[in-house]
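Peer 1: The structure that follows is given in the form of structure tokens.
The values are calculated or read from the model by the stated rules, or taken from the named source; none is laboratory data. Computed from a prediction, not measured in an experiment: that's the story for all the values here. Because the Cβ atoms are built from the backbone with ideal geometry, glycine has one as well, and the counts that use them run over all protein chains shown. The area values use the complete protein model at the heavy-atom level, side chains included, leaving out ligands, DNA and RNA. Shrake-Rupley method; radii C 1.70, N 1.55, O 1.52, S 1.80 Å.
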Amino acid sequence: MEFVHRTLPQQVYFGAGRAAANLAAEVRQRGASRVMVIASPRERERAERVCARIDVAVWHDDVVQHVPVATAEKARSVAAEHGADLLVSIGGGSTTSLAKAVALTRGMPIVAVPTTYAGSEATDVWGLTEEATKTTGVDSRVLPAAVIYDAELTLSLPVGLSVASGLNGLAHCVDGMWAPRADPINQALGAEGIRALARGLPLIAADPSGIEGRELALYGAYLSAVAFASAGSGLHHKICHVLGGTYELPHAETHATVLPYVLAFNAPAAPEAAGRIAHALGSDSGTAEAAVAALDELRVRLHAPTALRDYGLTEADLPGAVERVLAVVPPSNPRPVTGNNLTALLRAALTGAAPATQLEEI
Ligand code: NAD
């Protein structure tokens, strides 16, 4: 065994109903006096409850998915105007990502309070969109200094969005298995993330107001993000970045739809990863077919999104998408990616064909 593993420094609080107390403790410990809270109008009420025990210098609610550069500039100006010394983001990945965009240029600490399972809070990855192109980068300044998980804040997340967001987390775990810096540590974290999400999501679907499923999903989301931050972006993430940034497809639903196809595409060429994924999904067999079947079973059970055309992608978009993805395919991908096999993969995801159509003997 030979590898170099990096662990990111971050304080993590976990506790249902504890967000307000934990945020107050973190703000006090940091000695912050000019707190800027980022929360979209939809999250405002939840955010006000979380901030009940701190002084807020300024509220900012202009949150847009995939962070257009103009949206980032506006938030940076607000931070400068109010002399903010700490950013608190309360919301899903879009809200966390906006805080990251501010921290990237202003070097301010972030305390992230996530309300979905996107996992952005535990990574040092930022993303900005300009002229239909999403650019991502890695910078230690955007890693939130602290994360406050409170499952009660996710009770309002509708089941459909919970499922899509949870599968976004699961995608971090699966794609991390063959990402450029995959190693035994991030693979172990990813496998535990798969186990937690595969247990938690059906509990949420059966009882959206139950706390156990919500806690398992948040725990899994955190593990998935830690694994992803450590292992890097694999083929799945490259595909989803292109679809989100260029064709404005919604983030969580796109990940949920594309994941089974990338798994079926790569699993036969990555037997060890396929075995870890299959076992973590509860299968007795560790074959590529078992991994694909287990994920398919889970997504059918959860009524997960099935076809990219439901989100606006069309057949006419495929050649452009293929060209953009081909330019960024990670060299670590276990199966060679060509224009033909990538077109077949995206067409299957577009129409919702059975993911097993991508399985191929290697
Ligand atoms: P989102 O933040 O856009 O939220 C989706 C919707 O859910 C929004 O309408 C939001 O208001 C609503 N919502 C959020 N929490 C809720 C709650 N508890 N109850 C009810 N409604 C709620 O979506 P997302 O999938 O969480 O995040 C997607 C964004 O995050 C993308 O821009 C993506 O690029 C980014 N992201 C970044 C990383 C990273 O490491 N940098 C990782 C994952 C995602």
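Peer 1: Among the residues of the range 134-152 satisfying the criterion of being open to solvent by 10 Å² or more (accessible area, probe 1.4 Å) and not polar (S, T, N, Q), which is farthest from the ligand (Cβ to nearest atom)?
Peer 2: Among those residues, the one meeting the criterion is ALA145.
Peer 1: While we're here: For the range 92-133: of the residues being among the hydrophobic types (A, V, I, L, M, F, W, C) and closer than 21 Å to ARG214 by Cβ, which is farthest from the ligand (Cβ to nearest atom)? Lay out the reasoning, then the answer.
Peer 2: First, pick out the residues of the range 92-133 that are among the hydrophobic types (A, V, I, L, M, F, W, C): 98-99, 101-104, 108, 110-113, 118, 122, 125-126, 128, 132.
Next, from what is left, pick out any that are closer than 21 Å to ARG214 by Cβ: 111-113, 118, 122.
Details: VAL111: 16, ALA112: 11, VAL113: 10, ALA118: 3, ALA122: 8 Å.
Once the filter is applied, the top-ranked residue is VAL111.
Peer 1: A further question follows. Determine whether the range 153-164 contains at least one residue that is surrounded by 24 or more Cβ atoms within 10 Å (Cβ to Cβ) and without any contact (Cβ under 8 Å) to a residue 60 or more places away in the chain.
Peer 2: Looking through the range 153-164, at least one residue is surrounded by 24 or more Cβ atoms within 10 Å (Cβ to Cβ) and without any contact (Cβ under 8 Å) to a residue 60 or more places away in the chain.
Peer 1: Another question, then. For ILE54, work out the one condition from (1) part of a loop (DSSP other than H, G, I, E, B); (2) surrounded by fewer than 16 Cβ atoms within 10 Å (Cβ to Cβ) it doesn't fulfil.
Peer 2: So the condition that ILE54 fails would be (2).
Peer 1: Quick test of your reading of the structure: ALA290 fulfils all but one of (1) in contact (Cβ under 8 Å) with a residue 60 or more places away in the chain; (2) farther than 17 Å from ASN168 by Cα; (3) buried (at least 18 other Cβ atoms within 10 Å of the Cβ). Name the failing condition by number.
Peer 2: The failed condition is (1).
Peer 1: May I pose another question? Do we have ALA291 as part of a helix (DSSP H, G or I) and modelled with pLDDT of 95 or more here?
Peer 2: Judged against the criteria, ALA291 is a match.
Peer 1: Can you tell me which residue among ASP296, ASP310 is assigned by TED's automatic domain parsing to the domain that holds ALA231, surrounded by 15 or more Cβ atoms within 10 Å (Cβ to Cβ) and acidic (Asp, Glu)?
Peer 2: Just a single option satisfies the conditions, and that option is ASP296.
Peer 1: Next question. Do the conditions hold for ALA75, that is, is it open to solvent by less than 80 Å² (accessible area, probe 1.4 Å), farther than 24 Å from ALA229 by Cβ and not in a loop (DSSP other than H, G, I, E, B)?
Peer 2: So ALA75 does not fit the description; no.
Peer 1: Counting just the residues of the range 110-133 that are over 17 Å from the mean Cα position of the chain (by Cα) and touching a residue at least 60 places away in the same chain (Cβ under 8 Å), which one comes out most open to solvent (accessible area, probe 1.4 Å)?
Peer 2: Applying the filter and picking the extreme gives GLU130.
Peer 1: Consider the range 230-239. How many of its residues are closer than 16 Å to SER120 by Cβ, open to solvent by 10 Å² or more (accessible area, probe 1.4 Å) and outside any loop (DSSP other than H, G, I, E, B)?
Peer 2: Of the residues in that region, 1 qualify.
Peer 1: Okay, moving on. Within the range 92-109, identify whether any single residue is touching a strand residue (DSSP E or B) at 6+ places or on another chain (Cβ under 9 Å), open to solvent by less than 30 Å² (accessible area, probe 1.4 Å), in contact (Cβ under 8 Å) with a residue 60 or more places away in the chain and among the charged types (D, E, K, R), and answer yes or no.
Peer 2: For the range 92-109, residues touching a strand residue (DSSP E or B) at 6+ places or on another chain (Cβ under 9 Å), open to solvent by less than 30 Å² (accessible area, probe 1.4 Å), in contact (Cβ under 8 Å) with a residue 60 or more places away in the chain and among the charged types (D, E, K, R): absent.
Peer 1: Follow-up question, since we're still on this one. Within the range 269-286, can one find any residue that is of a type in the set (Ser, Thr, Tyr), within 21 Å of GLY127 (Cβ to Cβ) and either outside the structural domain of PRO355 (by TED's automatic domain parsing) or open to solvent by 40 Å² or more (accessible area, probe 1.4 Å) (or both)?
Peer 2: no
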